[in-house]
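The values are calculated or read from the model by the stated rules, or taken from the named source; none is laboratory data. Just so it is clear, the structure is predicted and the values come from calculations on it, not from any experiment. When we count neighbours, we look across all protein chains shown, and the Cβ atoms used for this are built from the backbone with ideal geometry, even at glycine. Accessible surface areas use protein heavy atoms only, side chains included; no ligands, DNA or RNA. Shrake-Rupley method; radii C 1.70, N 1.55, O 1.52, S 1.80 Å.
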Amino acid sequence: MTKLYPLMPLRDIVIFPHMVAPLVVGRKKSIQALEDAMEKKTDILLVTQQKPTVDDPDSDDLYSWGTLASVMQLLRLPDGTIKALVEGKTRAKIISYVPNDNFLQAEVEERIDITEPTAELTAFERELRKYFEDYAAGNKKIAKEILSSVQVIDNPLKLLNVICAHLPLKSDEKQVILELEPLTARMEKV
(Lines give C-alpha, C1' and ligand atoms only; values in the text may rest on other atoms or scores of the structure.)
Protein backbone atom coordinates (compact mmCIF):
# COMPACT_ATOMS: atom_id res chain seq x y z
CA MET A 1 0.00 0.00 0.00
CA THR A 2 1.29 3.45 -0.89
CA LYS A 3 0.59 6.84 0.62
CA LEU A 4 1.47 10.46 -0.23
CA TYR A 5 3.84 12.38 2.07
CA PRO A 6 5.64 15.72 2.03
CA LEU A 7 9.35 15.16 1.39
CA MET A 8 12.33 16.99 2.85
CA PRO A 9 15.80 16.48 1.35
CA LEU A 10 18.66 16.17 3.83
CA ARG A 11 22.29 17.13 3.33
CA ASP A 12 24.92 14.72 4.66
CA ILE A 13 22.72 12.95 7.19
CA VAL A 14 20.70 9.74 7.09
CA ILE A 15 17.87 9.45 9.58
CA PHE A 16 17.07 5.91 10.74
CA PRO A 17 13.86 4.68 12.35
CA HIS A 18 13.91 5.11 16.17
CA MET A 19 16.36 8.02 15.78
CA VAL A 20 15.53 11.44 17.22
CA ALA A 21 17.42 14.29 15.58
CA PRO A 22 17.41 18.09 15.58
CA LEU A 23 17.56 19.58 12.08
CA VAL A 24 18.21 23.21 11.19
CA VAL A 25 16.19 23.94 8.07
CA GLY A 26 16.66 27.00 5.88
CA ARG A 27 15.43 26.06 2.40
CA LYS A 28 11.99 27.45 1.63
CA LYS A 29 10.64 24.20 0.15
CA SER A 30 11.85 22.22 3.16
CA ILE A 31 10.25 24.65 5.59
CA GLN A 32 6.96 24.40 3.66
CA ALA A 33 7.14 20.58 3.70
CA LEU A 34 7.65 20.63 7.49
CA GLU A 35 4.78 23.08 7.96
CA ASP A 36 2.52 20.93 5.77
CA ALA A 37 3.32 17.84 7.84
CA MET A 38 2.61 19.70 11.09
CA GLU A 39 -0.60 21.27 9.77
CA LYS A 40 -1.97 17.96 8.44
CA LYS A 41 -0.63 15.99 11.42
CA THR A 42 1.12 13.57 9.09
CA ASP A 43 4.62 12.17 8.88
CA ILE A 44 7.27 13.62 6.58
CA LEU A 45 9.62 11.64 4.35
CA LEU A 46 13.27 12.45 5.06
CA VAL A 47 15.50 11.55 2.09
CA THR A 48 19.24 12.11 1.83
CA GLN A 49 20.64 13.97 -1.16
CA GLN A 50 23.18 12.11 -3.28
CA LYS A 51 25.26 15.30 -3.53
CA PRO A 52 24.96 17.60 -0.50
CA THR A 53 26.14 20.63 -2.50
CA VAL A 54 22.93 20.81 -4.60
CA ASP A 55 20.86 23.72 -3.27
CA ASP A 56 17.55 22.97 -4.97
CA PRO A 57 17.39 19.18 -5.28
CA ASP A 58 14.82 17.37 -7.39
CA SER A 59 14.04 13.68 -7.76
CA ASP A 60 17.27 12.98 -9.68
CA ASP A 61 19.36 14.33 -6.79
CA LEU A 62 17.78 12.14 -4.09
CA TYR A 63 18.12 8.53 -3.05
CA SER A 64 15.02 6.42 -3.61
CA TRP A 65 14.82 5.30 0.04
CA GLY A 66 14.23 7.42 3.10
CA THR A 67 12.66 7.39 6.53
CA LEU A 68 9.16 8.44 7.46
CA ALA A 69 9.42 10.63 10.53
CA SER A 70 7.11 12.51 12.85
CA VAL A 71 7.77 16.18 13.42
CA MET A 72 7.90 16.53 17.18
CA GLN A 73 8.66 20.25 17.38
CA LEU A 74 9.23 23.29 15.16
CA LEU A 75 11.00 26.39 16.44
CA ARG A 76 11.37 29.49 14.29
CA LEU A 77 14.75 31.16 14.70
CA PRO A 78 15.36 34.92 14.28
CA ASP A 79 17.37 34.40 11.07
CA GLY A 80 14.36 32.82 9.29
CA THR A 81 15.50 29.23 9.66
CA ILE A 82 13.57 26.59 11.53
CA LYS A 83 14.89 24.12 14.06
CA ALA A 84 12.90 20.91 13.78
CA LEU A 85 13.00 17.94 16.08
CA VAL A 86 12.12 14.76 14.19
CA GLU A 87 11.77 11.11 15.13
CA GLY A 88 12.28 8.40 12.53
CA LYS A 89 9.43 5.88 12.34
CA THR A 90 9.85 3.45 9.43
CA ARG A 91 11.90 2.97 6.28
CA ALA A 92 10.12 3.89 3.06
CA LYS A 93 10.77 3.50 -0.66
CA ILE A 94 9.71 6.21 -3.09
CA ILE A 95 7.32 4.89 -5.75
CA SER A 96 6.76 8.19 -7.57
CA TYR A 97 7.00 11.95 -7.15
CA VAL A 98 3.77 13.95 -7.17
CA PRO A 99 3.88 17.53 -8.52
CA ASN A 100 3.48 20.30 -5.97
CA ASP A 101 4.43 23.95 -6.44
CA ASN A 102 5.48 24.56 -2.82
CA PHE A 103 7.58 21.53 -1.83
CA LEU A 104 8.57 18.04 -2.88
CA GLN A 105 6.13 15.25 -2.17
CA ALA A 106 6.19 11.58 -3.00
CA GLU A 107 4.04 8.50 -3.05
CA VAL A 108 5.85 5.99 -0.86
CA GLU A 109 5.61 2.42 0.28
CA GLU A 110 6.44 1.79 3.94
CA ARG A 111 8.80 -1.11 4.54
CA ILE A 112 7.90 -2.84 7.77
CA ASP A 113 10.53 -5.32 8.95
CA ILE A 114 9.46 -8.66 10.32
CA THR A 115 11.20 -9.25 13.64
CA GLU A 116 9.79 -12.63 14.62
CA PRO A 117 12.49 -14.44 16.60
CA THR A 118 14.58 -16.92 14.65
CA ALA A 119 17.88 -18.53 15.56
CA GLU A 120 19.61 -16.46 12.84
CA LEU A 121 18.11 -13.17 14.04
CA THR A 122 19.00 -13.94 17.66
CA ALA A 123 22.59 -14.71 16.66
CA PHE A 124 22.90 -11.49 14.65
CA GLU A 125 21.40 -9.49 17.51
CA ARG A 126 23.86 -10.97 20.03
CA GLU A 127 26.87 -10.32 17.76
CA LEU A 128 25.75 -6.80 16.87
CA ARG A 129 25.36 -5.92 20.55
CA LYS A 130 28.79 -7.40 21.37
CA TYR A 131 30.55 -5.57 18.52
CA PHE A 132 28.95 -2.25 19.46
CA GLU A 133 29.88 -2.66 23.14
CA ASP A 134 33.49 -3.39 22.11
CA TYR A 135 33.47 -0.38 19.76
CA ALA A 136 31.98 1.93 22.41
CA ALA A 137 34.52 0.77 25.03
CA GLY A 138 37.36 2.06 22.83
CA ASN A 139 35.63 5.20 21.58
CA LYS A 140 35.32 8.26 23.80
CA LYS A 141 32.66 9.81 21.51
CA ILE A 142 30.07 7.20 22.53
CA ALA A 143 28.48 8.34 25.80
CA LYS A 144 27.97 5.80 28.57
CA GLU A 145 24.24 6.60 28.46
CA ILE A 146 24.08 5.44 24.84
CA LEU A 147 25.82 2.19 25.69
CA SER A 148 23.46 1.68 28.64
CA SER A 149 20.41 2.29 26.44
CA VAL A 150 21.69 -0.17 23.81
CA GLN A 151 22.16 -2.84 26.47
CA VAL A 152 18.45 -2.79 27.42
CA ILE A 153 16.94 -2.71 23.91
CA ASP A 154 15.06 -5.97 23.37
CA ASN A 155 13.92 -5.38 19.78
CA PRO A 156 16.49 -6.37 17.10
CA LEU A 157 15.22 -3.74 14.65
CA LYS A 158 15.45 -0.93 17.19
CA LEU A 159 18.88 -2.18 18.29
CA LEU A 160 20.16 -2.04 14.71
CA ASN A 161 18.77 1.44 14.07
CA VAL A 162 20.08 2.93 17.32
CA ILE A 163 23.54 1.51 16.64
CA CYS A 164 23.51 2.80 13.05
CA ALA A 165 22.65 6.28 14.28
CA HIS A 166 25.85 6.30 16.38
CA LEU A 167 28.35 4.82 13.94
CA PRO A 168 30.86 7.21 12.35
CA LEU A 169 29.99 6.28 8.76
CA LYS A 170 29.66 8.52 5.72
CA SER A 171 26.14 9.29 4.51
CA ASP A 172 26.45 7.05 1.46
CA GLU A 173 27.52 4.13 3.70
CA LYS A 174 24.57 4.69 6.02
CA GLN A 175 22.28 4.93 3.00
CA VAL A 176 23.39 1.47 1.83
CA ILE A 177 22.46 0.06 5.26
CA LEU A 178 19.07 1.83 5.23
CA GLU A 179 18.19 0.29 1.86
CA LEU A 180 19.28 -3.30 2.48
CA GLU A 181 16.66 -6.00 2.87
CA PRO A 182 16.00 -8.18 4.81
CA LEU A 183 16.78 -7.09 8.37
CA THR A 184 19.49 -9.76 8.77
CA ALA A 185 21.31 -8.40 5.69
CA ARG A 186 21.42 -4.94 7.32
CA MET A 187 22.66 -6.45 10.58
CA GLU A 188 25.36 -8.38 8.74
CA LYS A 189 26.49 -5.23 6.88
CA VAL A 190 26.84 -3.29 10.14
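Observations on the model:
- The length gained on full extension between D154 and D58, counted as 0.36 nm times the residue separation minus their Cα-Cα distance, comes to 30.7 nm.
- Kirkwood hydrodynamic radius of the chain, from the reciprocal of the average inverse Cα-Cα distance over all distinct pairs: 17.3 Å.
- Most to least accessible of M1, M72 (protein chains only, probe 1.4 Å): M1, M72
- Principal-axis analysis of the Cα atoms of the chain puts helix 156-166 at an angle of about 70° to the longest axis.
- Surface composition of region 69-175: carbon plus sulfur atoms hold 53% of the accessible area, using a 1.4 angstrom probe and ignoring ligands, DNA and RNA.
- Summed over the residues of the chain and divided among them, the accessible surface reaches 55 Å² per residue at a probe radius of 1.4 Å.
- Taking a ≥ b ≥ c as the square roots of the eigenvalues of the Cα gyration tensor, region 128-185 is classed as oblate, since a/c reaches at least 1.5 and a/b does not exceed b/c.
- Loop-located trypsin sites (Lys or Arg not before Pro) in region 12-62 (DSSP state other than H, G, I, E, B) with a sparse environment of at most 14 neighbouring Cβ atoms within 10 Å: K41.
- If the convex hull is drawn through the Cα atoms of region 73-129, its volume per residue in Å³: 145 Å³
- For the chain, the longest principal axis of the C-alpha atoms and the axis of helix 28-40 are separated by about 80°.
- The amide H of R111, built 1.01 Å from its N in the peptide plane, has R91, A92, K93 as neighbours under 5 Å, considering only residues 5 or more places off or on other chains.
- Here the extension length gained between V20 and T90 equals 23.9 nm, from 0.36 nm per residue of separation less the Cα-Cα distance.
- Here each label is just a point 7 Å from Cα along the line to Cβ, and for E109 and K141 those points are 3.6 nm apart.
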